[in-house]
1. Out of (1) in contact (Cβ under 8 Å) with a residue 40 or more places away in the chain; (2) of a type in the set (A, V, I, L, M, F, W, C); (3) over 20 Å from Gln237 (Cβ atoms), what's the single condition that is false for Leu322?
2. Does Tyr191 qualify as being touching a residue at least 12 places away in the same chain (Cβ under 8 Å), under 19 Å from Tyr61 (Cα atoms) and either away from the ligand (no atom under 16 Å from the Cβ) or among the polar types (S, T, N, Q) (or both)?
3. So Val78 clears everything in (1) in a helix (DSSP H, G or I); (2) free of Cβ contacts under 8 Å to residues at least 60 places away in the same chain except one condition, right? Which one?
4. I'd like to check something: does segment 12-35 contain any residue that is surrounded by 18 or more Cβ atoms within 10 Å (Cβ to Cβ) and either among the small types (Gly, Ala, Ser) or in a strand (DSSP E or B) (or both)?
5. How many residues are more than 13 Å from the ligand (Cβ to nearest atom), buried (at least 21 other Cβ atoms within 10 Å of the Cβ) and not hydrophobic (A, V, I, L, M, F, W, C) when one looks only at segment 215-231?
6. Could you list, in sequence order, the residues of segment 162-182 that are within 16 Å of His286 (Cα to Cα) and assigned to a helix (DSSP H, G or I)?
7. Filter segment 342-401 down to the residues that are assigned to a helix (DSSP H, G or I) and β-branched (Val, Ile, Thr), then identify the one that is farthest from Arg14 (Cα to Cα).
8. Can you tell me which residue is nearest to Ile182 (Cα to Cα) among those in segment 106-130 that are part of a helix (DSSP H, G or I) and of a type in the set (A, V, I, L, M)?
Amino acid sequence: MNKFYSFSCRLYQRALYLASFFLHFHEPKLLSGLDCSLELPKLIKKQGQLHPLLITDKGLYDLGLTKKISEAFLKENVSLSIFPGAVPNPTFECVDEAYEVYENDNCDCVIALGGGSSMDAGKALLIRIAYPNRKLSKFKGILKVHRKLRPLYAIPTTAGTGSEATLAAVLVDKTNKDKFQIDDPKLIPSYAILDPSYLTALPRKVIASTGMDALTHAVESYIGRSSTKKSKAYALQATSLIFENLEEFYEEPSNGIYASNMQLASYKAGVSFSRAYVGYVHALAHSLGGFYNVPHGLANAVLLPIVLEAYGKAAYKPLSELAKAAGLKGESKEKLAKAFIEEIRLLNARMGIPNKLNVSLEQGDLRKLALHADKEGNPFYPVPKEFNVDELESILKEALS
Ligand SMILES: [Fe+2]
């Protein structure tokens, strides 16, 4: 990247970083432990709310995952409405339908139970409630939400997205197929409920890819230049937890302790990147996901070691610190950083994640994907070393060949 553009990117990132200290980056209150979600009716009552709307997806609903929480609400005499219509990359229609149930049933708070899609839909619903007459597309971008939102209780059913802790909601505008993000600290859930009982039937493939998504959040937020003392501490803790538990959880999905530790890792990594951003791994993964439906966690897992290697010595110091958190030893920062990258490759391999992505690109699409990643990453992400479109294209080529 040319020096002048790089300098202007750094100035922009610095300005954002300084401005961020004036924003209210609250962390969700945490409830954790086996069956802790059954405490939710009492908690909601204590908060003065009377009737939540639980938003989830059809798959989880059909699997009966809302059953025990419904029973807990019944037992506590608290009304609960359920909307099982959250779809991946929620559309405005999906949020509108949820809003209709919320209004008709006189609800006063929202519970999101599921993976990223339920969380995204739940966050978007909060905006819909606060701004009933404004199109959701008007909130695209950062800091567009100015009204107070209703409380959101987030119950993740995977360990990786960290969405229960983040300020982002991803939506799709079906009219122009625009997949866009709304970023606002007001979207950070009020409570994150980490109940490992929802995780013990996860397929191994999902455990592996979502776990690597969490690791990517921790790594990208740690090595970026906009990290804070707290975001760094959380990223280090998440990294330790992931290296201590992910492979074990993959081997033994029904083990509640591994599930619980991975949930905590995902949450901590979520808090960390919500404050300190992600980097080019995510920018490239979003490109591949948007154009070729490559699953997010898988794309991150394959891209992570390639991008870290491409950063070279600009990332040796923070990577050496992450290496120590992962339990690795080495005589120099360079050796530790390289050992960390190698360990990521080995972890992928041990969980059956390939080192290349199997995508047949249409002619000219490599450039298109790189341009899309450049648009997302530059000048926004405070990465250790900036890449231009050509450099992003050669990273993609390496991941795909
Ligand atoms: Fe991610």
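The values are calculated or read from the model by the stated rules, or taken from the named source; none is laboratory data. Note that the structure is a prediction, hence the values are computed from the model and not measured. Neighbour counts run over all protein chains shown; Cβ positions are idealised from the backbone, glycine included.
1. Condition not satisfied by Leu322: (3).
2. The answer is no for Tyr191.
3. (1)
4. no
5. Total meeting the criteria: 4.
6. Ser163, the sole residue that qualifies.
7. Among those that are assigned to a helix (DSSP H, G or I) and β-branched (Val, Ile, Thr), it is Ile344.
8. Just the residues of segment 106-130 that are part of a helix (DSSP H, G or I), to begin with: 116-130.
Now drop any that are not of a type in the set (A, V, I, L, M), which leaves 119, 121, 124-127, 129-130.
On the way: Met119: 13, Ala121: 12, Ala124: 8, Leu125: 12, Leu126: 12, Ile127: 10, Ile129: 15, Ala130: 15 Å.
Here the residue is Ala124.
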